[in-house]
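The block underneath contains the structure these notes are about, expressed in structure tokens.
The values are calculated or read from the model by the stated rules, or taken from the named source; none is laboratory data. Predicted, not measured: the structure shown is a model, and the values here were computed from it. Note that we place each Cβ from the backbone using ideal geometry, even for glycine, and neighbour counts take in every protein chain shown.
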Amino acid sequence: MTADIQPTYPLTKAQADEIASLHEADTSELEGQLRQLSETCQSSCASGISKCATHQNEMRKLYENAYTTASPDRWTSYRPAEYTQDLKRMFDAQATIDKIHGRVRREKMQHIKDSQCTFGLSDHPTVKKTKIRAAELRGTETSPSDIDSYVIEEEQKLLLTLTPEQQEVQAEYDKSKSEAEKYSYLRTCACISKPTDTPRDVELRLKWMKLFDNKVPYNEILPVMEKDIADAKSNVLLLENRLADLRNAQAANNKAKAAKEESKRKQARDAIRRCCSEGCGNVCELNGPNADLGCERCFATKEDGVLQNYSWFCSPECAKANAGSHNARFHST
């Protein structure tokens, strides 16, 4: 955690233009100093600067100042502190200027790659694909200018697919010149609430807001956000799976309950017996004082194991009136 906002990749378009302008000015100033030193040496030294130890040392000092002096808003401010320390060690160890130039070129190329290919918080999926491809092309035989052209072309294609509102947001971000402006934009993207936010989303945005308010470097906040989002998605998937299991269990329970109820209804239907008396049709009492009013003829047949369904009379009167004339056509189940 730091009180100052640390420079972080990716660069906005305005930042990239500003850094390029400052770098061009710095390079022009250094070249002017070197040219003046060379002219001074030529006018005062017969051997020339390549063989003049005094002016060679002065030239090294010019390069050392240009390469190792703290330079806010320059591209070197985005590089790790180890880079400047490495250069200082090379100067102290009297490394050749060519080796030092080579070290600077490698770091500058890495800066260009990082500024062009680092993912941003609000990057469109197409932008991420473009950055991945640009990173793959770096270090190949493809020229830097061709890579830049490819990135610009893909960005222009994407702009045509964005809504006016999305184009406006992108334009505002591209205009951010300072790290403070870019940091503020990133804070807004990460922390502003949306209509679709869940209670968990609200909690996470408040958590991220505290990180931004404490000026935690963005490159330290981004991994936290990515982990929080991944965990939230995992939890949602887990809850969805649990909900599906509960729904399946509920459906199975409802099915079993329905089957049980249907079984009860069937048993109730099976338990109903209509009177065997012709023209009666009343429900017989299968329990209670008249439970033994079974048709004697049917009962005898049932006892012999021939008749499966037993017929009943609804009352002693029906039994008395119809027992003698009972016929199988009156059987009811």
Listed by first then second residue, the pairs whose first member lies in the stretch 135-156 and is in contact (Cβ under 8 Å) with a residue 12 or more places away in the chain, whose partner is in a loop (DSSP other than H, G, I, E, B) and surrounded by 12 or more Cβ atoms within 10 Å (Cβ to Cβ), with beta carbons under 7 Å and at least 6 positions apart or on separate chains, are I147/R138
Filter result for D123 (in the same structural domain as S178 (by TED's automatic domain parsing) and outside any loop (DSSP other than H, G, I, E, B)): no
For the stretch 92-99, state whether one or more residues are at pLDDT 85 or above and surrounded by 12 or more Cβ atoms within 10 Å (Cβ to Cβ). yes
Take the residues in the stretch 100-129 that are of a type in the set (A, V, I, L, M, F, W, C) and crowded, with 16+ Cβ neighbours inside 10 Å; name whichever of them is nearest to E226 (Cα to Cα). L121
Take the residues of the stretch 48-65 that are among the basic types (K, R) and at pLDDT 85 or above: which is surrounded by the fewest Cβ atoms within 10 Å (Cβ to Cβ)? K61
Meets criteria (at pLDDT 80 or above, within 21 Å of E172 (Cα to Cα) and charged (D, E, K, R)) for E18: yes
Quick check on this structure: which one of E58, E24 is within 47 Å of the chain's Cα centre (by Cα) and in the same structural domain as Q116 (by TED's automatic domain parsing)? E24
Test for T161: is it among the polar types (S, T, N, Q), within 27 Å of the chain's Cα centre (by Cα), loosely packed, with under 13 Cβ neighbours inside 10 Å and more than 17 Å from T12 (Cα to Cα): yes
The stretch 90-113 - residue that is in a helix (DSSP H, G or I) and among the aliphatic types (A, V, I, L, M) and, of those, nearest to N57 (Cα to Cα): I97
Residue satisfying all of: in the stretch 186-197; without any contact (Cβ under 8 Å) to a residue 40 or more places away in the chain and either of a type in the set (A, V, I, L, M) or surrounded by 14 or more Cβ atoms within 10 Å (Cβ to Cβ) (or both); nearest to P7 (Cα to Cα) among these: R187
